[in-house]
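Visitor: Can you read through this structure? Questions will come right after.
The values are calculated or read from the model by the stated rules, or taken from the named source; none is laboratory data. A quick note: this is a predicted structure, and the numbers were derived from the prediction, not measured. Here the Cβ positions follow ideal geometry from the backbone for every residue, glycine too, while neighbour counts run over all protein chains shown. Ligands, DNA and RNA are stripped out before the accessible areas are found, and what is left, the full protein with its side chains, is counted by its heavy atoms. Shrake-Rupley method; radii C 1.70, N 1.55, O 1.52, S 1.80 Å.
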Amino acid sequence: MLKQKIEQAINKQINAELWSAYLYLSMSTYFESISLGGFANWMRIQAQEEVAHAMRFYDYVVERGGRVKLMPIDSVKTDWKSPLDAFEETYKHEQKVTGLINDLVNTSTAEKDHATVNMLQWFVDEQVEEESSADEIVQKLKLIGKDGSGLFMIDRELAQRVFTPPVKSKE
Ligand code: FEO
């Protein structure tokens, strides 16, 4: 059975993950609007990943006999100044999410909830990847500057991204 404090904290995180999905889907529509289909694809898959993160927490709460409570999802921005602006925000947002995961680890440790600390380890590792992939694209965009053909090349590369459902740690 989950302690109420942990259940509440995970429910909050489910909301944060769904908000992230909303943010990235909004970025996807921004990229569609400026005809960068590869960037739009990357963001759309990123949104799918965030829903998968939320569902991983959701399944965990259910598995531990807790109650998932879905809360309202705040609105998101709809426009960015440039692809670099959107990816800088993505990188910053992922750093913020890392902080939220770390807070959850700290709360679960303080509550001596070892199962939750263990479950969160997957997210600790995932955040390293999340930050790194966003930062890699930021660096590439900085490198090409205003070079249109460079942007086209990155767009083609990002078009290749496919959604791979995350494997559950218990499987
Ligand atoms: Fe769910 Fe992008 O972290």
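Visitor: Can you name every residue in segment 120-156 that is assigned to a helix (DSSP H, G or I), out of contact with any Asp or Glu (no Cβ under 6 Å at 6 or more places or on another chain) and charged (D, E, K, R)?
Guide: Asp125, Glu126, Glu129, Asp135, Glu136, Lys140, Lys142, Asp155, Arg156
Visitor: Quick check on segment 131-145: of everything there that is within 16 Å of the ligand (Cβ to nearest atom) and free of Cβ contacts under 8 Å to residues at least 40 places away in the same chain, which residue is most open to solvent (accessible area, probe 1.4 Å)?
Guide: The extreme case among them is Glu136.
Visitor: Which condition number in (1) open to solvent by less than 20 Å² (accessible area, probe 1.4 Å); (2) in contact (Cβ under 8 Å) with a residue 24 or more places away in the chain; (3) of a type outside the set (Gly, Ala, Ser) is the one that Leu120 fails?
Guide: Looking at each condition in turn, Leu120 falls short on (2).
Visitor: Hey, another quick one. Quick one: is Lys112 more than 12 Å from the ligand (Cβ to nearest atom), among the basic types (Lys, Arg) and surrounded by fewer than 17 Cβ atoms within 10 Å (Cβ to Cβ)?
Guide: yes
Visitor: Restricting to segment 157-171, count the residues that are open to solvent by 50 Å² or more (accessible area, probe 1.4 Å) and in a helix (DSSP H, G or I).
Guide: 1
Visitor: What about Ala40, is it among the small types (Gly, Ala, Ser), assigned to a helix (DSSP H, G or I) and within 12 Å of the ligand (Cβ to nearest atom)?
Guide: The answer is no for Ala40.
Visitor: I would also like to ask the following. Condition first: surrounded by 13 or more Cβ atoms within 10 Å (Cβ to Cβ), among the charged types (D, E, K, R) and within 12 Å of the ligand (Cβ to nearest atom). Now tell me which residues in segment 93-108 satisfy that.
Guide: Glu94
Visitor: Restricting attention to segment 70-88, and to residues there that are part of a helix (DSSP H, G or I) and in contact (Cβ under 8 Å) with a residue 40 or more places away in the chain, which single residue is most open to solvent (accessible area, probe 1.4 Å)?
Guide: Selected residue: Glu88.
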